[in-house]
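Encoded as structure tokens, the structure appears first; notes follow it.
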Amino acid sequence: MAEFSVPLMPTDQPEMPSGELWSDEPPLESDLHRDHINRLLRLLKWHWRDRTDYYASGNLTIYYNPKQLKSRDFRGPDFFVVLGAENRSRNSWVVWEERDQYPHVIIELLSESTATVDRGLKKQLYQDLFQTPHYFWFDPYTLELAGFELVQGQYQALSPNDQGHLWCESLGLFVGIEDRSLWFFTAAGDRVLLPEEAAAQQAQAAAQRAETERQRADRAEAQRAEAEAQVAQLLAQLQQQQQGEQGFEHP
């Protein structure tokens, strides 16, 4: 297993945290990177709005070695999901305080300054130490998308489907590109909606139902009016016939 942190010198004393550690992440590379992270978080949280058994975050430090806090060679992933975790707010993810749980899914957004590390050292770290079942990287500028699944301790590249999407078994969703952005897609191929998109879709569906009901009511009213007109016509004909018969009997 590759070593990814610098050991403390024998004279150093391990710095154990006195409380919850704060994230120590550098600023994001660009607005585009931040927008992608926020979108992925909003998509998953809305899609899993009825679930409480996971934790998802982005650009948040993962502390994984309580004896080597001084040597944080690897910062937090751009986006990660831990399954079977308490869904609550955190300042960081501290592995030894979270039942030694590591992320089940990690997505890194490539940039000129991070691409080499994301494709190399971080991939090795997530495979060997984190043992993260699914790892993806995406370049928001070149649209390079790659995904890997941990098989017997080694990452195997995921094969895209006909739409170019990569299946993530941990999420039960596809990861794919639409309109130059990274999205989640259901097993049926439908793009996961943002909350405002879902609200707009629901409002449109409600409006369509209301319009359908209005048209049904209009048709029912038209049929009622037509039936009443036919009845009135028949009554008029009957009355006219009766008057004719009376006139014939009494000249």
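Tabulated values for the structure
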| read-out | value |
| --- | --- |
| Identity of the residue in the range 88-117, of a type in the set (Asp, Glu) and closer than 23 Å to ILE177 by Cα, that ends up surrounded by the most Cβ atoms within 10 Å (Cβ to Cβ) | GLU108 |
| Positions within the range 125-138 being in contact with a strand residue (DSSP E or B) (Cβ under 9 Å, 6 or more places away or on another chain) and surrounded by fewer than 17 Cβ atoms within 10 Å (Cβ to Cβ), in sequence order | GLN131 |
| The range 53-75: number of residues that are assigned to a loop (DSSP other than H, G, I, E, B) and at pLDDT 95 or above | 1 |
| Test for VAL192: is it more than 19 Å from the chain's Cα centre (by Cα) and aliphatic (A, V, I, L, M) | no |
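The values are calculated or read from the model by the stated rules, or taken from the named source; none is laboratory data. The model shown is predicted, which means the values in this text are computed figures rather than measured ones. Glycine also receives a Cβ, built like all others from the backbone with ideal geometry; neighbour counts cover every protein chain displayed.
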